[in-house]
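A quick write-up on the structure given underneath.
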Amino acid sequence: HPFSLGYALIGAAIFHQFCREWQVVQEHAEAALSLAKEQGFSLWMAFGSLLRGWALAQQGAAQAGLAQIKQGLRAYRATGAETLRPYWLVLLADVHRITGQPQRGLAVLAEALTLVDTTGERWYEPELYRLKGVLLLQRSSDNQAEAETCFSHALDLARNRQAKSLELRTSTSLARLWQQQGKRQEAYGLLAPVYHWFTEGFDTADLKDAKALLEALA
């Protein structure tokens, strides 16, 4: 059933995007794009473009990835759909981070946060605030206080929703900031409990990052 297969391919690509497994994301997205083109599935075509663009950017082809994400967003809006748009905008903002354009990334996140307030689609809200903090630091080291506020808010949101993966990612970002400020003990105390909550997935990027930071802090 081609439409169901397209749904599965996109779902798998999104899952691996959460795990930051870029090459697998690209493989599933390209399979979805091929199917969508063959069957005329405009929504899967848009989703495939967005995910493939993010994966390309993560693997060094930032400008090509950025162009593909923007193309995917235009195709997505043309369908009239709104669901998931904050998530897609996070991918775009992340690519602006990669290309060293934090101000553009922050503008994209401002649009996403407005959408969150308008539509109530809040499931990825913690990552919106975490990435906002990252981009603020990329723009200027003078933004540490504002970035810390973003990380703390993202952490509260993730904890309230029991979203452990987002809690881990945000704790790592905040702990890294505290490390730079010389607050090593506080950083370790924040990150260690959430890292040790996990019992699997230790080969994923977020858990590897957290482990490396804990070892540096110990």
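The values are calculated or read from the model by the stated rules, or taken from the named source; none is laboratory data. Note that this is a predicted model, so its numbers are computed, not measured. A quick note on method: Cβ atoms are made from the backbone with ideal geometry, for glycine too, and the neighbour counts reach across all protein chains shown. Accessible surface is based on the protein model in full, side chains and every heavy atom, while ligands, DNA and RNA are left aside. Shrake-Rupley method; radii C 1.70, N 1.55, O 1.52, S 1.80 Å.
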* To do: Once you have a ≥ b ≥ c as the square roots of the Cα gyration tensor eigenvalues for the chain, tell me rounded if a/c is under 1.5, and otherwise prolate or oblate according to whether a/b is larger than b/c.
  => prolate
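When a/c is below 1.5 the answer is rounded, else prolate if a/b is larger than b/c, else oblate, so apply that to the stretch 58-97 with a ≥ b ≥ c taken from the square roots of the Cα gyration tensor eigenvalues.
Cα axes put the stretch 58-97 in the oblate bin.
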* Structure fact -> For Lys164, the aspartates and glutamates lying under 20 Å Cα to Cα, once residues fewer than eight places off in the same chain are dropped, come out as Glu21, Glu121, Glu125, Glu127, Glu148, Asp156, Glu186, Glu200, Asp203, Asp206, Asp209
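Rounded to the nearest 500, what is the chain's calculated 222 nm mean residue ellipticity when only DSSP H runs of at least 4 contribute -39500 (n - 2.57) each, over all residues? Don't skip to the end; give the middle numbers.
Numbers: 11 runs with 177 residues, N = 218.
Calculated from helices alone, the mean residue ellipticity at 222 nm is -27000 deg cm²/dmol.
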* Figure the gain on full extension for Thr83 and Gln181 (residue separation times 0.36 nm, minus the Cα-Cα span) and round it to one decimal in nm. => 31.4 nm
* Treating the beta-carbon of each Lys and Arg as +1 and of each Asp and Glu as -1, no other charges, what is the dipole magnitude of the chain about its Cα centre, to the nearest 20 debye? -> 300 debye
* Asked: So, with a 1.4 angstrom probe, what is the percent of accessible area on the chain that is carbon and sulfur?
  -> 52 percent
* Asked: What is the spin-label model distance, in nm, from Leu113 to Arg139 if the labels are put 7 Å beyond Cα along the C-beta direction?
  -> 1.0 nm
* Alpha carbon centre of the stretch 1-52 versus the stretch 168-203: separation in Å? -> 32 Å
* Structure fact -> Under 19 Å by backbone N from the virtual spin label 7 Å along Cα-to-Cβ at Ser4, the residues of the stretch 22-43 are 32, 35-36, 39-41
